[in-house]
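Notes to accompany the following structure.
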Amino acid sequence: MGYEPLRKALQSGDWNSAKKFLELHPDSKSATITTLGKTALHLSVEAGHVHIVEALVEQMSEDDLEVQDNFGDTALLETTYSGQHKMAECMLRKNKKLVTMGRGRGDESRMLLPVVLALANGHIKMARYLYSLTPLEDLFPEKGRSGSTLCTQAIYTRALDIALDLIRRCPRLVLAPDKDNISPFYALASKKYAFPSGHSLVFWKRWISSCIHIQSANGTTTDEFHLIIQKDEGRQSDAVKTSRSSDQEGRAKGNVYLAIFRSIKEGAFEFVHDVVKANPDLVWSYDGNFRNIFFYAVLCRQAKIFSLIFGVDVKNNMVYDTDNSDNNILHMAGMPPVSVMLNRIPGAALQMQRELQWFKEVESIVHPKVKEAENNDEMTPRELFTKNHKDLMKEGETWMKDTSTSCTVVAALILTIMFAAAFTVPGGNNQDTGLPIFFNKKLFKLFIISDALSLFSSASSVLMFLGILTSRYAEEDFFKSLPTKMIIGLSTLFFSIATMMIAFSAGLLLMLCEESWMVIPVISLASIPVTLFVLMQFPLLVDMYISTYGPGIFDRKMEQWL
C-alpha cells in the first residue's frame with residue numbers, strides 16, 4: 001500500500017488531506033509508513049505540527065501510541081528531541097505508560113527513559129513535566145541507568161531541583177554509574193557552580209548559590225548518600241557529608257576518589273572539606289600517580305584547599321610523602337600547574353611571581369632535607385622549578401619590558417610638558433618685577449604646586465621604568481624587586497596624570513575667569529584621561545600590590561578540622 005500522499009500531507013501540515021486518507025485507510029494510524037519504521041504520529045511530531053498531533057492522538061488507541069520505530073523510539077520520545085511540550089501532554093493524557101518506555105530494545109539496563117532524553121537535550125521544562133509522571137521505581141538503580149543518568153544530567157544542566165528530589169527519594173543513586181559510568185557524586189564534584197567558592201559575588205548583588213549536603217545511609221555493598229539542599233532566607237551555604245565506609249570497591253565504582261581529585265582541580269573547597277571531614281580516612285586518598293590530596297592541591301595551585309593541611313593532625317606524614325616518580329610536595333610546586341588557576345592572573349610577570357610565591361610558601365613548611373631531595377630524574381625541587389619555568393620567565397621579562405617601554409613614553413611626555421609649563425605660566429610675567437601676573441591668586445598657587453608635583457612624579461616614574469628595563473631578570477627578581485618597581489612606576493605615573501589635569505584646570509580658570517561658562521565643560525573633559533587610566537591600568541596596579549604586599553597565599557591560621 002502506498003503511503004506517499006499521507007506522508008506529504010503530514011509533513012506539509014495539511015490535516016484535511018491526511019484526515020481523508022486515514023478515513024479511507026483506518027489501519028494507517030498505527031502502520032509504519034517509512035523505511036525507518038515511522039508512523040503517522042512520528043512524522044507529525046518530526047514536522048512540528050501540533051494541531052495534527054493532537055488530532056491523531058484523539059483518533060488513536062493507547063496501544064497505537066506505544067508503537068516504536070526501528071530505533072526503539074515512541075512518538076513521545078520524538079518529542080524529547082525537539083522539546084514539544086504540548087505534544088507530549090496530549091499523548092500522556094491518553095497513555096501515561098509512555099513515560100516508562102525508553103529508547104533501546106533488548107538490554108533494558110541501557111534503556112533511557114523519556115525524562116532523561118528530554119533533560120539530555122536541554123529541555124528542562126519538559127523534563128520537569130515528564131519527571132512528575134515517571135514512577136520512582138523505574139528510576140531505581142536496579143531498573144537500569146536512567147535514574148543515575150537523570151541525576152547527572154540534572155547537575156550538568158543546573159536543574160538541581162530534579163537532582164535534589166530524586167536523590168532524596170532514592171539515596172542509592174548517588175554512587176550509581178550513569179550511561180557514561182559517571183556517578184552523580186562525581187558530577188557534583190566537577191561542577192564548581194554548585195558551591196559558594198565557585199561564584200564571584202559582587203558586594204551589592206549576591207546570587208543564590210546551591211546548597212548540597214551529602215549524608216550517609218548504611219548499605220550492603222556501597223556508601224549511600226543523601227543530597228540535601230537547604231535554603232536560608234535567600235542565601236545558601238554548601239556542605240557535603242559522607243559516611244565512613246570500608247567498601248573500597250563501592251567507592252571506586254561510585255567515582256568517590258575521582259570526585260575528590262576532580263573537586264580539587266575545580267577548586268570546590270566546600271566539597272573537599274566536608275567530604276573528608278565526614279570521612280577522615282579519605283584524607284589518605286591517592287590519584288593514579290600516588291599523589292595525596294595535598295600534593296594534588298599544590299599541583300593545581302588551589303591555595304584554599306591546600307590550607308586545609310594546617311588543620312589536620314597528620315600534616316607531617318602527608319608532607320613527606322612521595323609519588324610514583326619520587327617527587328615530594330616541593331617538587332609539585334616546581335611543576336607546571338595542571339589547572340587554569342594561573343591563567344586567571346593578569347600578565348606573565350605576575351604569573352611568574354605567583355609561581356615563586358607558591359614554591360617559597362611550600363618550601364617554608366617542609367623539612368630542609370626535602371629541599372635537597374632528588375626525584376627519579378635526579379632533580380631537586382629548585383632545579384625542577386627552574387627547568388619548568390624558563391618559558392614563563394622569558395614571557396614575564398617581555399611583558400615587563402613592553403609595559404615599561406609604553407609607560408616610559410607617557411611619563412617622559414608629561415615630564416616635558418610640565419617642565420615647559422612651569423616657565424610659561426598663565427597670564428605671563430610682570431615686566432617690572434618679573435613675577436607672574438597672577439602670583440598672588442590662590443589658583444596660581446594651586447597651578448604651580450600641581451605642576452611641580454606632576455613634574456617630580458613623572459620624573460620618578462621614568463626612573464622606575466628605566467630601572468625595570470635595565471634589570472637582570474633573574475628568578476628572584478620576579479618575587480618582589482620587579483613588581484615593587486612596577487608598582488612605584490605605575491603609582492607615580494597615575495599621580496602625575498592626575499596632578500597634570502589639576503594644573504591644567506587651575507591654569508584654565510585663571511585665564512578664563514570672566515568666561516566661566518567655558519570652564520566647566522573643559523574641566524570635565526580633563527577628567528577623561530584620569531578615568532581612562534583608572535579603567536585600564538588601576539586594576540593591574542591593585543592586583544600587583546595585593547600580590548606583592550598582601551597576605552600570604554595560605555591560611556596558616558586554619559582551625560583544627562580533622
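The values are calculated or read from the model by the stated rules, or taken from the named source; none is laboratory data. Since the structure is predicted, the reported quantities are computational estimates derived from the model, not experimental observations. All Cβ positions, glycine included, derive from the backbone under ideal geometry; neighbour counts span all protein chains shown.
Among the residues of region 526-533, is any touching a residue at least 12 places away in the same chain (Cβ under 8 Å) and under 29 Å from the mean Cα position of the chain (by Cα)? The answer is yes, given that some residue of region 526-533 is touching a residue at least 12 places away in the same chain (Cβ under 8 Å) and under 29 Å from the mean Cα position of the chain (by Cα). Taken over region 460-516, the residue count meeting the criterion of being without any contact (Cβ under 8 Å) to a residue 24 or more places away in the chain and among the aromatic types (Phe, Trp, Tyr) is 1.
Taking each residue of region 413-435 that is of a type in the set (Val, Ile, Thr) and looking for partners that are at pLDDT below 85 with beta-carbon atoms closer than 7 Å, six or more apart or interchain, yields Val425/Pro436. Checked against (1) assigned to a loop (DSSP other than H, G, I, E, B); (2) touching a residue at least 60 places away in the same chain (Cβ under 8 Å); (3) in contact with a helix residue (DSSP H, G or I) (Cβ under 8 Å, 6 or more places away or on another chain), Pro336 meets all criteria but (2). Filtering Met486, Met518, Met544 for residues that are in the same structural domain as Ile468 (by TED's automatic domain parsing) and either in contact with a His (Cβ under 9 Å, 6 or more places away or on another chain) or under 18 Å from Val409 (Cα atoms) (or both) leaves a single hit, Met486. Could you tell me whether region 147-168 includes any residue that is surrounded by fewer than 23 Cβ atoms within 10 Å (Cβ to Cβ), of a type in the set (S, T, N, Q) and in contact with a Pro (Cβ under 9 Å, 6 or more places away or on another chain)? The answer is no, given that none of the residues of region 147-168 is surrounded by fewer than 23 Cβ atoms within 10 Å (Cβ to Cβ), of a type in the set (S, T, N, Q) and in contact with a Pro (Cβ under 9 Å, 6 or more places away or on another chain).
Considering each of Val340, Val319, Val298, Val312 in turn, give the residue that is closer than 28 Å to Asp274 by Cβ and either buried (at least 21 other Cβ atoms within 10 Å of the Cβ) or hydroxyl-bearing (Ser, Thr, Tyr) (or both). Explain how you work it out, then say what you get.
Details: Val340 fails: either buried (at least 21 other Cβ atoms within 10 Å of the Cβ) or hydroxyl-bearing (Ser, Thr, Tyr) (or both); Val319 fails: either buried (at least 21 other Cβ atoms within 10 Å of the Cβ) or hydroxyl-bearing (Ser, Thr, Tyr) (or both); Val312 fails: either buried (at least 21 other Cβ atoms within 10 Å of the Cβ) or hydroxyl-bearing (Ser, Thr, Tyr) (or both).
Checking each option against the conditions leaves just Val298.
Just so you know, in region 418-432 the residues that are out of contact with any Leu (no Cβ under 9 Å at 6 or more places or on another chain) and part of a helix (DSSP H, G or I) include one that is nearest to Ser457 (Cα to Cα), and it is Ala420.
Look through Arg7, Arg93 and report the one residue that is basic (Lys, Arg), surrounded by 17 or more Cβ atoms within 10 Å (Cβ to Cβ) and part of a helix (DSSP H, G or I). Break it down stepwise before answering.
On the way: Arg93 fails: surrounded by 17 or more Cβ atoms within 10 Å (Cβ to Cβ).
The unique qualifying residue is Arg7.
Please determine whether any residue of region 454-470 is surrounded by fewer than 14 Cβ atoms within 10 Å (Cβ to Cβ) and under 30 Å from Ser547 (Cα atoms). Yes, region 454-470 contains a residue that is surrounded by fewer than 14 Cβ atoms within 10 Å (Cβ to Cβ) and under 30 Å from Ser547 (Cα atoms).
Scanning region 393-410 for residues being over 17 Å from Ser481 (Cβ atoms), touching a residue at least 24 places away in the same chain (Cβ under 8 Å) and aliphatic (A, V, I, L, M) gives a total of 1.
Whether any residue in region 159-174 is part of a helix (DSSP H, G or I), β-branched (Val, Ile, Thr) and over 30 Å from Cys90 (Cβ atoms) is what I want to check.
Initially, region 159-174 is screened for residues part of a helix (DSSP H, G or I), giving 160-169, 171-174.
Keeping just the survivors that are β-branched (Val, Ile, Thr) gives 162, 167, 174.
From the residues that got through so far, the ones that are over 30 Å from Cys90 (Cβ atoms) too are 167, 174.
Scanning region 159-174, I find at least one residue that is part of a helix (DSSP H, G or I), β-branched (Val, Ile, Thr) and over 30 Å from Cys90 (Cβ atoms), so the answer is yes.
Counting residues in region 365-377 that are at pLDDT 95 or above, assigned to a helix (DSSP H, G or I) and of a type in the set (A, V, I, L, M, F, W, C) gives zero. Contact map, region 37-64: first residue at negative phi and of a type in the set (Asp, Glu), second residue surrounded by 24 or more Cβ atoms within 10 Å (Cβ to Cβ) and modelled with pLDDT of 95 or more, Cβ cut-off under 6 Å, separation 6 or more or different chains; the map is empty. Quick check on region 384-405. Is at least one of its residues part of a helix (DSSP H, G or I), in contact with a Gly (Cβ under 7 Å, 6 or more places away or on another chain), more than 15 Å from Ala503 (Cα to Cα) and among the aliphatic types (A, V, I, L, M)? Yes: one or more hits. Restricting attention to region 512-530, does a residue exist that is closer than 28 Å to Arg344 by Cα and either at pLDDT 90 or above or part of a helix (DSSP H, G or I) (or both)? Yes.
Only a single item in (1) at positive phi; (2) in contact with a Gly (Cβ under 6 Å, 6 or more places away or on another chain) is not met by Gly347, and it is number (2).
Given the structure, is Ile437 under 20 Å from Phe494 (Cβ atoms) and either out of contact with any Asp or Glu (no Cβ under 7 Å at 6 or more places or on another chain) or not aliphatic (A, V, I, L, M) (or both)? Taking the combined requirement at face value, the residue does not satisfy it.
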